[in-house]
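Engineer: Sharing a structure below in structure tokens format, with a few things to ask.
The values are calculated or read from the model by the stated rules, or taken from the named source; none is laboratory data. If you're wondering where the values come from, they're calculated on a predicted model, not measured in any experiment. Neighbour counts are summed over all protein chains in view; Cβ atoms, including those assigned to glycine, are modelled from backbone coordinates with ideal geometry. Side chains included, ligands, DNA and RNA excluded: accessible areas come from the protein's heavy atoms. Shrake-Rupley method; radii C 1.70, N 1.55, O 1.52, S 1.80 Å.
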Amino acid sequence: MDYLGDGLAGAVRIIVSGDADFLSIVSVSLLVSLTSTCLATLTGVPLGIAVAQHRFKGRGFILMILNTLMSLPTVVVGLMLYSFLSRRGPLGEMGLLYTRSAIVIGQWVLAFPIIAGLTAAAVKGLDSRIRQTALSLGADAHQASWVFLREARYGVFAAVVAGFGRVFAEVGVSMMLGGNIRAYTRTITTAIALETSKGEFAMGIALGLVLLAVALVVNIVFWTLRGRTE
Amino acid sequence: MLYSLKDIECRVGKFLLTIDSCELDQGETYSVVGPNGSGKSTFLNVLAFLLTPRSGELVFRGDEVNYTEDLISVRREVGYAMQNPYLFTMSVEDNIGYGLSVRGVATREIKRRVGEMMERMSLSHLAGRRHVELSVGESQRVALARTLVLDAKVILLDEPTASVDASNVETVERTVLELCKERSATLVISTHLADQAQRMSPNTISVVDGHVNR
């Protein structure tokens, strides 16, 4: 039990002292995860709204694909993208493998279906009277669409938060596409795997605590937003 | 003549509403009566320009309504409180002021008019509350205030007191009639209550099995 206690004490020391390695890992994690979540939001939210609001050929197929991709294992995404980005792959000349951009691309693939799918579900679940109420009160088509989106805002925020939660805690994509390079592509999850294999429990626990704290905040925000929609 | 409807047929799903001939004058009050499911709400939706008839002619203020054009200008002449109203996820004040804000009315003016209307409708005690904190009856009165604050020359009310408790029905009816008189507005109110129809107007439009008789 001593090593656990020592590890925890060491973790607290690392967090309190603001260890340079520790801060670098946390900042890289936040940077790539926030970037990929932003990109997934910009692409996934419009798709989710379009799929929920319009009936067109292939709509059911898109929803099925989105739902399937939501639970895609991160190592499978890592493996697929690795085959594209590796030197012998079709996009190998771009030199993206083992860069932060590669992690962002991989995380976008993970977050996009979650954000699009949950946005579609949130918009689909909205009251059918919203648009007609707005029109009956004198709103033009744009104003009616805007109030419709406004009513969906908590559901959309919840989708974005869920997408962020997924990419921040993933390890497969970051490891396979980022390569776990110190101070460049080393994220919290890849660092935990590395430090634990080295027997450096203190750093592993410190990073684990950050991950837990972020997961807790994400969950609190997610459930608060869900509660507001109900 | 405010409205003139001739040979109108309007379909909503499997339901068909037909109007052979119906004319409504400016400044008059009309009660639309009929049993549940007869088509009263559909009729009011036609008057509010929210439904497009598949045939017939609807003339509003002397001009035939062209449904291929943007209907925003004619819709803004009408204040319509639907049955089973939806309140936006906003405060009571923002809900009541919504129609004014989409018309571009200045924020200060909206605040003043919303405050006045809340006082008139005995809703001042609901100031600052969110829509989820209201009872069904309070929601209906807020939705009514949201329509009446618009200063429209045509007011359409679909079962406006269906969920309102008896003690407030009289306030609602009195306020509606006073406002219509002050503004020389046309009032069309649908109700399934015969005594309310009589109290609100001697002019009755009956809707039976999807057919409007005036």
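Engineer: If you take the residues of the range B:158-173 that are touching a residue at least 40 places away in the same chain (Cβ under 8 Å) and farther than 18 Å from B:Leu47 by Cβ, which of them is most open to solvent (accessible area, probe 1.4 Å)?
Structural biologist: This residue is B:Ala162.
Engineer: State which residue is most open to solvent (accessible area, probe 1.4 Å) when the search covers only the range B:4-63 and only residues that are within 14 Å of chain A (Cβ to nearest Cβ), in a loop (DSSP other than H, G, I, E, B) and over 20 Å from B:Asn203 (Cα atoms).
Structural biologist: My answer is B:Thr52.
Engineer: Right, here's the next one. Failed condition for A:Ser27, given (1) open to solvent by 60 Å² or more (accessible area, probe 1.4 Å); (2) at pLDDT 95 or above; (3) within 16 Å of A:Ala102 (Cβ to Cβ), with all others met?
Structural biologist: (3)
Engineer: May I ask you to say which residue of A:Ala183, A:Ala206, A:Ala202, A:Ala191 is touching a residue at least 60 places away in the same chain (Cβ under 8 Å) and not in a helix (DSSP H, G or I)?
Structural biologist: A:Ala183
Engineer: Conditions: (1) over 18 Å from the mean Cα position of the chain (by Cα); (2) open to solvent by less than 30 Å² (accessible area, probe 1.4 Å). A:Gly172 meets all but one. Number of the miss?
Structural biologist: Every listed condition holds for A:Gly172 apart from (1).
Engineer: A further question follows. Within the range B:125-146, identify whether any single residue is out of contact with any helix residue (DSSP H, G or I) (no Cβ under 7 Å at 6 or more places or on another chain), of a type in the set (A, V, I, L, M, F, W, C) and under 21 Å from B:Leu177 (Cα atoms), and answer yes or no.
Structural biologist: Looking through the range B:125-146, at least one residue is out of contact with any helix residue (DSSP H, G or I) (no Cβ under 7 Å at 6 or more places or on another chain), of a type in the set (A, V, I, L, M, F, W, C) and under 21 Å from B:Leu177 (Cα atoms).
Engineer: Name the single residue, out of those in the range A:55-100 being among the aliphatic types (A, V, I, L, M) and touching a Pro at 6+ places or on another chain (Cβ under 8 Å), that is farthest from A:Ala120 (Cα to Cα).
Structural biologist: A:Leu72
Engineer: With the structure loaded, tell me whether B:Val176 is surrounded by 22 or more Cβ atoms within 10 Å (Cβ to Cβ) and part of a strand (DSSP E or B) or whether it fails that test.
Structural biologist: Considered against the rule, which asks whether it is surrounded by 22 or more Cβ atoms within 10 Å (Cβ to Cβ) and part of a strand (DSSP E or B), B:Val176 comes out as no.
Engineer: With the structure loaded, tell me whether B:Leu150 is over 17 Å from the mean Cα position of the chain (by Cα) and of a type in the set (A, V, I, L, M, F, W, C) or whether it fails that test.
Structural biologist: No; evaluated as a whole, the condition is false for this residue.
Engineer: On to the next question. In the range A:134-192, what residues are of a type in the set (S, T, N, Q) and more than 30 Å from B:Leu44 (Cβ to Cβ)?
Structural biologist: A:Ser174, A:Asn180, A:Thr185, A:Thr187, A:Thr189, A:Thr190, listed by residue number.
Engineer: Continuing with this model, one more query. Being β-branched (Val, Ile, Thr) and farther than 28 Å from A:Gly95 by Cβ is the filter here, so list the residues in the range A:178-230 that pass it.
Structural biologist: Matches in the range A:178-230: A:Thr196, A:Ile205, A:Val210, A:Val214, A:Val217, A:Val218, A:Ile220, A:Val221, A:Thr224, A:Thr229.
Engineer: Here's another thing I want to ask about it. Restricting to the range B:84-95, count the residues that are facing chain A (nearest Cβ under 10 Å) and closer than 20 Å to A:His142 by Cα.
Structural biologist: Summing the residues that are facing chain A (nearest Cβ under 10 Å) and closer than 20 Å to A:His142 by Cα in the range B:84-95 gives 6.
Engineer: Okay, moving on. Evaluate the following for A:Arg100: is it within 9 Å of another protein chain (Cβ to nearest Cβ) and open to solvent by 40 Å² or more (accessible area, probe 1.4 Å)?
Structural biologist: Criteria not met by A:Arg100.
Engineer: When only residues in the range B:96-110 that are touching a residue at least 24 places away in the same chain (Cβ under 8 Å) and more than 9 Å from every other protein chain (Cβ to nearest Cβ) count, which is farthest from B:Ser139 (Cα to Cα)?
Structural biologist: Checked the range B:96-110; the qualifying residue farthest from B:Ser139 (Cα to Cα) is B:Gly97.
Engineer: What number of residues within the range A:69-90 are part of a helix (DSSP H, G or I), touching a residue at least 24 places away in the same chain (Cβ under 8 Å) and not aliphatic (A, V, I, L, M)?
Structural biologist: Residues meeting the conditions: 3.
Engineer: Output yes when any residue across the range A:128-151 is assigned to a helix (DSSP H, G or I), of a type in the set (Val, Ile, Thr), touching a residue at least 12 places away in the same chain (Cβ under 8 Å) and more than 14 Å from chain B (Cβ to nearest Cβ), and no when none is.
Structural biologist: No, every residue in the range A:128-151 fails to be assigned to a helix (DSSP H, G or I), of a type in the set (Val, Ile, Thr), touching a residue at least 12 places away in the same chain (Cβ under 8 Å) and more than 14 Å from chain B (Cβ to nearest Cβ).
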